[in-house]
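Read through the structure below, which is laid out as structure tokens, and then see the notes.
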Amino acid sequence: MSRKINKKVIEKDLKKEKDFRVRRSEKYSRLRGMKDILFDEYKYWNLVLKKATDLSATYSFSHIDTPILEKLDLFERSTGKETDIVSKEMYNFIDKSGDRVALRPEATPGLVRAYVEHGMFNLPQPVKMFWLGPLFRHEKPQSGRLRQFNQYDLEMFGDPSPVADAQLILVAYNFFSELQIDVQIQINSIGCKECRTEYGKKLLDYYKERGKRAKLCVDCKKRITKNPMRLLDCKEPSCQSVREDAPQIVDFLCDGCREHFIKVLEYLDELDIPYNLNPFLVRGLDYYNRTVFEIFTVGEEEADADKRQSALGGGGRYDELVELMGGRPTPACGFGIGLERVINKIKEKNIPIKEDKENFIFLAQLGDQGKRKAFALFEELRKAGFKIRQAFTKDSLKTQLEEADRAGAKYTLILGQKELLDGTIILRDMESGTQEVVDYKKIIFELNKRIEGNKN
Ligand code: AMP
């Protein structure tokens, strides 16, 4: 009997052990809708991040960062509880202290919080913010739609004038055109609360007309009384066909909102920025007023029924939000550009990327003593401002030269036993393959002669 039991126990233990081994060798894959950015892709990221950083500095936007995790309530109050982003797509949970928190699904609420929390109304206005970072939305992953993606955002606080709206659109437009992506701006004004009260009633009457309501999707049927303007940007084809003859907000704008909108458009005309008036553009968030805009690649504005998926960026004015979030009344506007979509466009169009590897020097070494001396020389050259690379873990000269060639070095310095004894170093021109023996003490002088103006 006991022998039988023992056998069973042993078999069970063996199975456990086997399962454990299988589990241990199991490979992990990343979560759905999340991406790794691998080495080869970084050249694209460097390009777009540099463009965003340079342009933001030129137009006097200052770099700011905010935490990835914020209070859930921040988004519920600003973005809006009923929006898709908050009600369906947010990654939220209760943390170990019992606080309701969320991974930020958009940047603006955190930036408004920062403006209020740090008393930025005391700074000279407008306060112009430049922000880059990851956002999280639990959407259905597909091409151009991720669950973690990165945005380039600009926000401007404290300037009510149409110039502010126009300047944001100008920077966004320059960002794309300087990356050789042809874009068109879709633009609309959704007025202020007063314009929208009158317009909302008219829109409701329109959608309640016989036969129209029945054609709406389930979500729009629910939204119809709460927020009829949201019906205009629904992506369901049946809802899009119903909206065709709907009244348009531009016909209901109050004098102030109309004048503001016309001025924005005049600036865009003056700057030769191509735009298209889109009466159905409302943007799905609660906080927008007056100007709203989205950016599309030329020719793709209408191609994709699901507009939210093909837009490269979007933004608008949000004059009430700072006050709603506990600050003083402060007009504001901003935009967000999706960097993964921009990079996809650059790849799709095969836009050539110039990599910054001109005129760097590779330092190769031979033998123990050569290696030791090369370590020190590397630091000396780096501190003297040269762009310099090495492969100190390699011993063979052939391998090191191959690596120098692959990396695109302009010159390779070779330091071996013989050179150490003679007090020299070899300077090899990688393009022609010619080599010169140079006095070791004069190497910085010799390199300066050849690489002037191309140091770090
Ligand atoms: P939004 O904040 O929704 O107005 O989005 C602004 C821009 O961010 C869009 O035009 C896209 O370029 C990008 N974006 C938004 N959602 C996603 C997503 N799920 N995946 C990738 N990019 C996105």
For the stretch 361-455, what relative contact order do you get, as a whole percent, if you take Cα pairs closer than 8 Å and at least 6 residues apart? 29
Pull up all non-local amide H partners of Val183: gap of 5 or more, or a different chain, and H-to-H distance under 5 Å with H placed in the peptide plane. Val298
To test your reading of the geometry: what angle, between 0 and 90 degrees and rounded to tens, separates the Cα axis of helix 367-383 from the longest principal axis of the chain? 40
Binned Cα-Cα distance frequencies in the stretch 361-455 - 5 Å width, integer %: 3, 14, 28, 29, 20, 6, 0
Can you pull out the GluC sites (Glu not before Pro) in the stretch 131-221 that DSSP calls coil and that have at most 15 other Cβ atoms within 10 Å? Glu209
Please work out whether the chain counts as rounded, prolate or oblate from its C-alpha gyration tensor, where a ≥ b ≥ c are the square roots of the eigenvalues and a/c under 1.5 means rounded, while otherwise a/b larger than b/c means prolate and anything else oblate? oblate
Note to self: with every protein chain in place and a 1.4 Å probe, the stretch 324-420 gives an accessible area per residue in Å² of 51
Relative to the longest principal axis of the C-alpha atoms of the chain, give the angle of the C-alpha long axis of helix 339-348, reported between 0 and 90° and rounded to the nearest 10°. 70
Under 20 Å from the 7 Å Cα→Cβ point of Asp429, by amide nitrogen: which residues of the stretch 400-423? 401-402, 404-415
Give me the percent of the accessible area of the stretch 361-455 that comes from carbon and sulfur atoms, probe 1.4 Å, all protein chains in place. 50
Express in Å², to the nearest 10, the accessible area of Glu402 obtained by rolling a 1.4 Å probe over the protein heavy atoms while all chains stay in place. 90
Just how large is the dipole of the chain about the Cα centre, in debye to the nearest 20, putting +1 at every Lys and Arg Cβ and -1 at every Asp and Glu Cβ? 2960
Stokes-Einstein, Kirkwood over Cα pairs, the stretch 192-247, 4 °C, 1.567 mPa s; D in µm²/s equals 116
Charge tally for neighbours of Leu69 with beta carbon under 12 Å away, counting Lys, Arg as +1 and Asp, Glu as -1, is 0
On C-alpha positions alone, give me the angle between the axis of helix 108-117 and the longest principal axis of the chain, in degrees, nearest 10. 90
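The values are calculated or read from the model by the stated rules, or taken from the named source; none is laboratory data. Keep in mind that what you see is a predicted model, and the values were worked out from it rather than measured. For neighbour counting, all protein chains shown are included, and Cβ atoms are generated from backbone atoms with ideal geometry for every residue, glycine included. Heavy atoms of the whole protein, side chains included, go into the accessibility calculation; ligands, DNA and RNA do not. Shrake-Rupley method; radii C 1.70, N 1.55, O 1.52, S 1.80 Å.
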